[in-house]
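Just below is one structure, and these are the notes that go with it.
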Amino acid sequence: TTALSIKDLRKVYGNGFEALKGISFEVQEGDFFALLGPNGAGKSTTLGIVSSLVNKTSGQVKVFGYDLDSQSDKAKCELGVVPQEFNFNMFEKVEDILITQAGYYGISAGEAKQRSEFYLRKLGLWDKRDEPSRSLSGGMKRRLMIARALVHQPRLLILDEPTAGVDIELRRSMWEFLQELNASGTTIILTTHYLEEAESLCRHIGIIDRGVIVKNSSMRDLLQQL
Ligand code: ADP
Ligand code: ADP
């Protein structure tokens, strides 16, 4: 099964800048895929389009075969997104943030409570459940973003620079968490400009540069060529 299929995707921003020049790539179910590239290459634009935060100019995006453009929410239900910037209500309590999110997906209150506890424990935030999110450290906020993206149990998790600005210890524990999640069947796509991060985690990589995919291969093949 193909988890994500992107075809001829183009993005021209309002100022006329062409950030994506018709890119195509696929990510298979179960894969751990890195979209790698220098700053300004188009990584966030690509993920922004997949997560419906940015409008595409043209092209096609499918998630588990469901067109992102279709009226149904099927594509969106398969997808969990962790953007770079924190975007939760800073006054809402940590646990309530997850319960509210579960509500958006029609998950019952009882189930929402159970899942919140599960993911907060997994990500080391259970002790903070009654705190407003603004009182969390940067690393905790990032973990809360991940917990929130998982509460509806998407088959595909997309993270934009998940470990940017995160200290080495937390980076390692986030890597472990993501590896475990991937091993349990969740397809993961992340963007990074650290080759080391892609190397430690990912089986396939796409390298993007100035709006063009310049390489798409397995991590193993890439390392043999370096
Ligand atoms: P769209 O083409 O998707 O409608 P716009 O071109 O209108 O997007 O820009 C969306 C927002 O991004 C605007 O608020 C704009 O100020 C901001 N923006 C403009 N240039 C950049 C840039 N180089 N990087 C990041 N954000 C930018
Ligand atoms: P990356 O995530 O790889 O660093 P981005 O997708 O954020 O790259 O940006 C790709 C290019 O598009 C950059 O040159 C950036 O300045 C430009 N860009 C991003 N957002 C906007 C915007 N809203 N308006 C105009 N240009 C933008």
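A few notes on this one:
- Residue in the stretch 20-30 that is acidic (Asp, Glu), within 17 Å of the chain's Cα centre (by Cα), within 28 Å of Ala183 (Cα to Cα) and more than 16 Å from ligand 1 (Cβ to nearest atom) present: yes
- For the stretch 111-139, residues that are at negative phi and in a loop (DSSP other than H, G, I, E, B) total 7.
- Applying the criterion of being among the β-branched types (Val, Ile, Thr) and in contact with a Gly (Cβ under 9 Å, 6 or more places away or on another chain) to the residues of the stretch 48-73, the residue that is nearest to Ile158 (Cα to Cα) is Ile49.
- Subset of the stretch 38-55 that is more than 11 Å from Asp160 (Cβ to Cβ) and in contact with an Asp or Glu (Cβ under 9 Å, 6 or more places away or on another chain) - its residue that is farthest from ligand 1 (Cβ to nearest atom): Pro38
- Against the list (1) under 30 Å from Lys21 (Cα atoms); (2) modelled with pLDDT under 95; (3) surrounded by fewer than 19 Cβ atoms within 10 Å (Cβ to Cβ), the condition Asp209 fails is (2).
- Positions within the stretch 154-181 being on the phi > 0 side of the Ramachandran plot and loosely packed, with under 14 Cβ neighbours inside 10 Å, in sequence order: Gly165
- All positions within the stretch 143-172 that are in contact (Cβ under 8 Å) with a residue 40 or more places away in the chain, closer than 16 Å to Leu125 by Cα, not in a loop (DSSP other than H, G, I, E, B) and not charged (D, E, K, R): Leu144, Met145, Ile146, Ala147, Ala149, Leu150
- Condition broken by Val63, with the remaining ones in (1) more than 12 Å from ligand 2 (Cβ to nearest atom); (2) out of contact with any strand residue (DSSP E or B) (no Cβ under 7 Å at 6 or more places or on another chain); (3) touching a residue at least 24 places away in the same chain (Cβ under 8 Å) satisfied: (2)
- Some residue of the stretch 174-192 being within 16 Å of ligand 1 (Cβ to nearest atom), closer than 30 Å to Gly16 by Cβ and out of contact with any Lys or Arg (no Cβ under 7 Å at 6 or more places or on another chain): no
- The number of residues in the stretch 24-58 being within 11 Å of ligand 2 (Cβ to nearest atom) and buried (at least 16 other Cβ atoms within 10 Å of the Cβ) comes to 13.
Listed here are the residues, each with its yes/no results for (1) under 11 Å from Val151 (Cα atoms); (2) of a type in the set (Lys, Arg); (3) surrounded by 13 or more Cβ atoms within 10 Å (Cβ to Cβ).
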position: Ala75; (1), (2), (3): no, no, yes
position: Gln84; (1), (2), (3): no, no, yes
position: Asp96; (1), (2), (3): no, no, yes
position: Tyr104; (1), (2), (3): yes, no, no
position: Gly110; (1), (2), (3): no, no, no
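- Screening Lys21 against (1) more than 9 Å from ligand 2 (Cβ to nearest atom); (2) more than 12 Å from Val63 (Cβ to Cβ); (3) out of contact with any Lys or Arg (no Cβ under 8 Å at 6 or more places or on another chain) leaves a single unmet condition, (3).
- Residues of the stretch 1-44 classified as closer than 15 Å to Ile188 by Cα and assigned to a loop (DSSP other than H, G, I, E, B), total: 4
- Odd one out for Ala164, checked against (1) more than 16 Å from ligand 1 (Cβ to nearest atom); (2) more than 14 Å from Leu35 (Cα to Cα): (1)
- Residue match in the stretch 55-72 (condition: in a helix (DSSP H, G or I) and either in contact with a helix residue (DSSP H, G or I) (Cβ under 9 Å, 6 or more places away or on another chain) or not hydrophobic (A, V, I, L, M, F, W, C) (or both)): no
The values are calculated or read from the model by the stated rules, or taken from the named source; none is laboratory data. Predicted, not measured: the structure shown is a model, and the values here were computed from it. Heads up, the Cβs are rebuilt from the backbone with ideal geometry, glycines too, and the neighbour counts pull from every protein chain shown.
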